[in-house]
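Report on the following structure.
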Amino acid sequence: MVSEIDKLIKERGLKAGDVEYHTIRPLENGGRVRALVIKGEKNVHIEYICPQCKHAGYTTQEWKEVGKGAKFRFSFKCDKCSFEIKVSKLKGGPKEKKT
Ligand SMILES: [Zn+2]
C-alpha cells in the first residue's frame, strides 16, 4: 500500500521544518497509526491500520488544541467498523519528538 503521508511529503517537498506534528504509533492487535500536521494547516492527515478490523485507511480531520490534562492527543473513527482509535500524548514533555 502506498503511504498517503509519504506521497504528501514527496509531492510538497516537505522538510522537517515544515512539519508541526508527526508521529507513528503501533496499536494493539497489529494496528498502526501515523499522523502528520503541516505547519500553517488546520488539518491532521491520518493514516492507519485499524486494530479492530485491520482496515488500512487514510483520513483527515480538524487539528485541535488539547488541554494539558488531556490523556489523548486526538482520536478518530475507523472508516469501516467505526472503532474509535485514540492516540495518547507522548510522555515527558509538551514537544513531540520528530521522527
Ligand atoms: Zn476498523
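The values are calculated or read from the model by the stated rules, or taken from the named source; none is laboratory data. What you see is a predicted model, and the numbers here were worked out from it, not measured in a lab. In this analysis, Cβ positions are derived from the backbone assuming ideal geometry, glycine residues included, and neighbour counts consider all displayed protein chains.
Can you give me the number of residues within the range 47-57 that are closer than 19 Å to H22 by Cα and within 13 Å of the ligand (Cβ to nearest atom)? Adding up the residues that qualify gives 5.
Counting only strands (runs of 3 or more DSSP E) wholly contained in the range 20-99, no element carries 2 or more residues that are of a type in the set (V, I, T) and modelled with pLDDT under 95. Scanning the range 67-91 for residues that are among the small types (G, A, S) and within 11 Å of the ligand (Cβ to nearest atom) yields one hit, S82. Just a yes or no: is a residue in the range 36-43 loosely packed, with under 15 Cβ neighbours inside 10 Å and within 16 Å of the ligand (Cβ to nearest atom)? No, there is no match, as no residue in the range 36-43 is loosely packed, with under 15 Cβ neighbours inside 10 Å and within 16 Å of the ligand (Cβ to nearest atom). For first residues located in the range 50-70 and under 19 Å from L27 (Cβ atoms), partners that are among the aromatic types (F, W, Y) and part of a loop (DSSP other than H, G, I, E, B) and lie 6+ apart or on another chain with Cβ distances below 8 Å form the pairs C50/F83; P51/F83; Q52/F83; C53/F83.
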